[in-house]
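Values quoted throughout were computed directly from the atomic coordinates according to the rules given, and no laboratory measurement underlies them. Remember, it's a predicted structure, so these values are computed and weren't measured experimentally. Ideal geometry is used to build each Cβ from the backbone, glycine not excepted, and the neighbour counts take in all protein chains shown.
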Amino acid sequence: MTLVTPELVATARRRTRAVLVSGQILAGLGMGSTLSVGALLAASLSGSSAFSGMAATMSTLGAAAAAIPLATLAGKRGRSPALATGALGAALGALFCIVAAVVAFFPLLLLGLALVGVGTAVNLQSRFAATDLSLPNSRGRDLSIVVWATTIGAVSGPNLIAPGDDLGVALGLPPLSGAFLFTIAAQALAAILYLVGLQPDPLVIATELGRTAPVVPGAVTAMGNPIGVRVGMVSISLSHATMVAVMAMTPVHLTDHGATLAVVGFTISLHVGGMYALAPVFGVLSDRLGRVPTILTGQALLAASLCMTSLGAESESWVMTGLIFLGLGWSASTVAGSALIAASADPSTRTRTQGRADLLMSGSGALGGALAGVVLAMLGYGGLSTVALVLVVVVVATLVPNRRRI
């Protein structure tokens, strides 16, 4: 074990943040294009556009399935091997997608997309990794900077679809499969970055600090705060389910009402900007105002969004504005909720708790997306937004009675 000194901790803290931000950008560049192409490829290989939604479904399920194993690996070996393993898994998935396109085998494509989704699990774990060496008053800020870095890849990634397709065709690959080459390259580079850059490992350092730190009698954080963990999990999982349910059905609703693809694309772009661009602002608010007030702010933004998309369902401008607020509400709730979990988790089971949080978040998103289609068919887009308000009410009802115990 490396001798842990204040200088080592300070250096590792800065290096960890830089490595995680770079890793998020690389992951976003690769996955931002392939998930869109995956939907088109799924429709092409299956012979039916009804299967296009399987790209997002398999990716989400892959992220959920990888959450606990990656967290367990991090707890045993550290963040570096866990994040690198996940990145290599995503690269392998992209390779499977290319092979599936070459041999025209739809089940292999589904497996590949599920493995590509492991990259999402890496992204989720990265936000917790950003807090391993954080000072108590900067957890929200450190976590939010890593979340914000996703913006760069998410915005730039889709622009690689056309160049990737051109590259693939030049190499003799089938149409739509070339973009996965960028995913392989980006995830492989990210794996190398995690293995080399996260040394000494931030989680190993944090564990050693926890082992040698003096115990303060009566300190709540000595054994964690289970109530804070539960409230944080409810907040991020239900906020994620709300966001995914409404966001996933918005393109369907808009196109059914005559909106052009340009309008749909612009609306989703604004939504993604709301999700990530202001994450550092909510991180600072989480540190200065507190996690509970910031989560409540997020729920207020989600409620405002759902009112807009419910009452203004027939107006493109109201739906567009509602989607911006939907992203902002998700961002505030996710950043503050994740910071609350990081601060409340028992140090001895920190990674296991974080893995459960990621599993619950991804699983809730998958369930929300799956049920949203049924609700849309039964009640319409306005009805879907109204039903989603129930999830906001549950978060507030869980948080408010426990706010003094967090």
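Below is a table of values for the structure above.
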| item | result |
| --- | --- |
| Relative exposure of 318, 330, judged by other C-beta atoms within 10 Å (fewest first) | 318, 330 |
| Relative contact order of segment 78-201, pairs being alpha-carbon contacts under 8 Å that are 6 or more residues apart, as % | 38 percent |
| Length-normalised contact order of segment 223-400 in % [C-alpha pairs under 8 Å, at least 6 apart] | 42 percent |
| Segment 203-342: mean projected area of Cα convex hull, nm² | 10.0 nm² |
| For the chain, with +1 on Lys and Arg beta carbons and -1 on Asp and Glu, the positive-most of 207, 67, 308 along the dipole | 207 |
| Positive-pole candidate from 54, 98, 197, dipole of segment 6-207, charges at beta carbon | 197 |
| Overall dimensions of segment 97-204 by Cα: Rg and Dmax, Å | 17.1, 53 |
| Relative packing of peptides 234-244, 183-193, 269-279 - highest average C-beta neighbours within 10 Å first | 234-244, 183-193, 269-279 |
| Average projected area [Cα convex hull, the chain], square nanometres | 18.7 nm² |
| Net dipole in debye of segment 223-400 [+1 Lys, Arg Cβ; -1 Asp, Glu Cβ; about Cα centre; nearest 20] | 560 debye |
| Length-normalised contact order for the chain - Cα pairs under 8 Å, 6+ apart - percent | 24 percent |
| Inter-site label distance for residue 227 and residue 208 at 7 Å from Cα along Cβ, in nm | 3.6 nm |
| Under the span-like rule (Cα at least 20 Å along the axis, Kyte-Doolittle mean at least 0.5), DSSP H helices of the chain | 6-46, 54-77, 79-103, 139-156, 179-197, 226-256, 261-276, 291-311, 316-344, 350-399 |
| Cleavage-rule hits (chymotrypsin sites (Phe, Trp or Tyr not before Pro)) in segment 105-157: DSSP loop, at most 16 neighbouring Cβ within 10 angstrom | 105 |
| Gain in span if fully extended, residue 393 to residue 284, counting 0.36 nm per residue against the direct Cα distance | 36.7 nm |
| Contour minus Cα-Cα distance for residue 170 and residue 371 (0.36 nm per residue) | 68.3 nm |
| Overall form of segment 1-153 per C-alpha gyration tensor (a/c, 1.5; a/b vs b/c) | prolate |
